[in-house]
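One structure is given here, and the rest of the page talks about it.
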Amino acid sequence: MNTTAGSGPTVERLDVSVYTVPTERPESDGTYAWTATTLVLVEAVSGDVTGLGWTYGPPAVASVITGQLAGTVTGSGVYDVPAAHRAMSRALRDTGRSGIAGCALSAVDIALWDLKARVIGLPLAALLGSVRPRVPVYGSGGFVGDGLRQLEEQLRGWTEELAVPRVKIRIGESWGGAPQRDLDRIHLARQIVGDECELYVDAAGAYSRKQAVRVAEAFADDVVSWFEEPVPSDDLPGLREIRDSVTAEVTAGGHGHDLPYFARMADARAVDCLQADVTRCGGITGWLRVAAVAEAHGLEISGHRAPQLHAQVAAAVPNVRHLEWFHDHVRVESDFFDGVLDPAGGAVSPGASGAPGLGLTFKRVDAQRHRTG
């Protein structure tokens, strides 16, 4: 393991690879449809220790990592992840921190934190300092293109087989063009999961402001407690207007890439719970900072998708609500990594195994058939 005087081991290189995994069937939410999921993996190497990080996004993310970030990080101290984060942010000045560049920075930052924890020999949650031994999760899927039988199978899998007491389905079909079908699916979901389970919905920004209020009034009898992105997440006045008009909690933030985005959302009182995605918002470093912004505004934070990456950092913040057990990413992460967490009972226990870092081992041979770059 290479070292520099006074700074300990250094990052020797970043290896980047791209994997595209077809979905089990076409998937869609209110505003987007997809047939495959692309994972961009970063392996940060120091001697015989390798840290893992990844994001979900287009293959172009890999080009940003190799072309703009790898040279910035190589040679940096393994223990100095915040310094590497700042250097990467500065390297992206002309590119911009949002979108593809934000995903690239996030994947590298996660890999560096995993590397640091592995070098020290601690689970990442222990390195960061755990607040709680278990982190609640909610089952997430219920795509708008799924048939009623598929919806029922998925909901029963979470609530009956895994005993997860909170679930989320997608609504807003065809950019809000099928509100009655949305309401029918919500009603069916409530019948399937029973009265004790929390029921969430995610419109992916499909509705107009007044339409979102009307839909929320119509699903009030089904006791929906979480209304995610009823309008586009950049419409802060709209989110605030809806939040003031409905009984369900209004949430958003999963598409944010930088700290000012989350500060604006919190300052506008646009949400009841702030969401942040560790694969987009600046990695572990960024997510910790977003959690602090949320706490300063009296808000909780929820991890958006990528559950195996969120679990360790979620255990280390006092104001975490839960993390999203997103069907698409659960499937990919379970196929690609050994050591994945078990959500049975509605919570996961990050770091309980004692395995260092994220506690995951990349199944390179299994993943190879999906490699595209």
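The values are calculated or read from the model by the stated rules, or taken from the named source; none is laboratory data. Just so it is clear, the model here is predicted, and its values are computed rather than measured. Every residue, glycine as well, gets a Cβ built from its backbone with ideal geometry; the counts of neighbours run over all protein chains shown. Surface accessibility is based on the protein's heavy atoms, side chains included, excluding ligands, DNA and RNA. Shrake-Rupley method; radii C 1.70, N 1.55, O 1.52, S 1.80 Å.
Listed highest first by mean packing, meaning other Cβ atoms within 10 Å per residue, what order do 345-351, 131-137, 20-26 come in?
Order by mean packing, descending: 345-351, 131-137, 20-26.
Applying a 10 Å radius around every beta-carbon, put 110-116, 36-42, 292-298, 83-89 in order of their mean neighbour count, most first.
110-116, 36-42, 83-89, 292-298
Which of the DSSP-defined H helices in the chain satisfy a minimum axial length of 30 Å, computed from C-alpha atoms, and a minimum mean Kyte-Doolittle hydropathy of 0.0?
Once both thresholds are applied, what remains is 99-120.
Keeping the other protein chains in place, figure out the carbon and sulfur percent of the accessible area of the chain, with a 1.4 Å probe.
Whole-percent figure for carbon plus sulfur exposure: 49.
May I ask you to list the aspartates and glutamates whose Cα is less than 16 Å away from that of LYS363, ignoring any residue fewer than eight positions away on the same chain?
Counting by Cα, and skipping residues close in sequence, LYS363 has these aspartates and glutamates nearby: ASP15, GLU43, GLU333, ASP335, ASP338.
Can you compute the helix-only [θ] at 222 nm over the chain? Use -39500 (n - 2.57) per DSSP H run of at least 4 residues, normalise by all residues, nearest 500 deg cm²/dmol.
One gets -10500 deg cm²/dmol as the mean residue ellipticity at 222 nm.
Among ASP258, ASP222, ASP48, which one shows the highest mean-square fluctuation when the chain is modelled as a Gaussian network with alpha-carbon springs under 10 Å?
Highest fluctuation of the listed residues: ASP48.
Only Cα pairs within less than 10 Å get springs; with that Gaussian network setup on the chain, which residue of GLY238, GLY282, GLY51 has the largest fluctuation?
Largest GNM mean-square fluctuation: GLY238.
What list of ³J(HN,Hα) values in whole Hz, one per residue of the stretch 58-71 in order, does the Karplus curve 6.51 cos²θ - 1.76 cosθ + 1.60 (θ = phi - 60°) give from phi, with Gly and Pro shown as x?
Taking θ as phi minus 60°, the curve returns x, x, 4, 4, 4, 5, 5, 5, 6, x, 10, 10, 4, x Hz for the stretch 58-71.
Mind checking the per residue accessible area of the stretch 95-245 for me, 1.4 Å probe, whole number of Å²?
About 39 Å² of surface per residue is accessible.
Leaving out ligands and nucleic acids, note down the accessible area per residue over the stretch 258-373 with a 1.4 angstrom probe, in whole Å².
Per-residue accessible area for the stretch 258-373 comes out at 33 Å².
Taking amide H positions as placed 1.01 Å from N in the peptide plane, with prolines and chain starts having none, which residues 5 or more places from PHE337, or on another chain, fall under 5 Å of its amide H?
Under 5 Å from the amide H of PHE337 lie the amide H atoms of LYS363, each far enough along the sequence or on another chain.
Springs between alpha-carbon atoms under 10 Å, Gaussian network over the chain: tell me which of GLY286, GLY205, GLY339 tops the mean-square fluctuations.
Among GLY286, GLY205, GLY339, the largest GNM mean-square fluctuation belongs to GLY339.
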